[in-house]
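Visitor: Take this structure, written in structure tokens, and hold onto it; I'll ask about it next.
The values are calculated or read from the model by the stated rules, or taken from the named source; none is laboratory data. As the structure is a prediction and not an experimental result, all values here were calculated from the model. No Cβ is skipped: glycine too gets one built from the backbone with ideal geometry, and neighbour counts run over all protein chains shown.
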Amino acid sequence: MSEFNSKNKHNFWHSPLILIVLFCILILFAYNIIGLFEKERETSRKKEFELSKIENLRKREESLIKDINKLETEDGVEETIREKYPVVKDGEKMVTIVDQEPESYVASEDIVSEHNFWSWIKRTFGLN
């Protein structure tokens, strides 16, 4: 029986130093696993962003294919030219509507001369 008790006292895996080292290794593994979870979430976000970019590019491609197909027809070419440039066919007439500029931009000498110091004094004291 004394042999049994002496073996338990010298058990390597039950020493406090080894238990502390194993606990530190366990903490290190847990920290690395948390880091892996964060990287996985970041990768998922990047994947979703890239998938949305791919979807937008597919929609853009479809739009461009429609435009190309439209330009292959004579009516499509005519429509595109009419949208971009102010042109008419022979026999057609074009009406252009122009906004009228305000007349307040015209400055006269009378208006300019009224903004000096002496004219202010005359207006203030009623000496006109």
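Visitor: Residue pairs, Cβ under 9 Å, 6 or more apart or interchain, first in the range 63-75 and within 23 Å of V88 (Cα to Cα), second among the charged types (D, E, K, R). List them.
Guide: Partner pairs satisfying both residue conditions: K70/E79.
Visitor: Right, next: Would you mention how many residues in the range 106-125 are modelled with pLDDT of 80 or more and aliphatic (A, V, I, L, M)?
Guide: Matching residues across the range 106-125 total 1.
Visitor: Quick check: is even one residue across the range 21-36 part of a helix (DSSP H, G or I), of a type outside the set (V, I, T), over 20 Å from the mean Cα position of the chain (by Cα) and under 30 Å from K89 (Cα atoms)?
Guide: No: zero hits.
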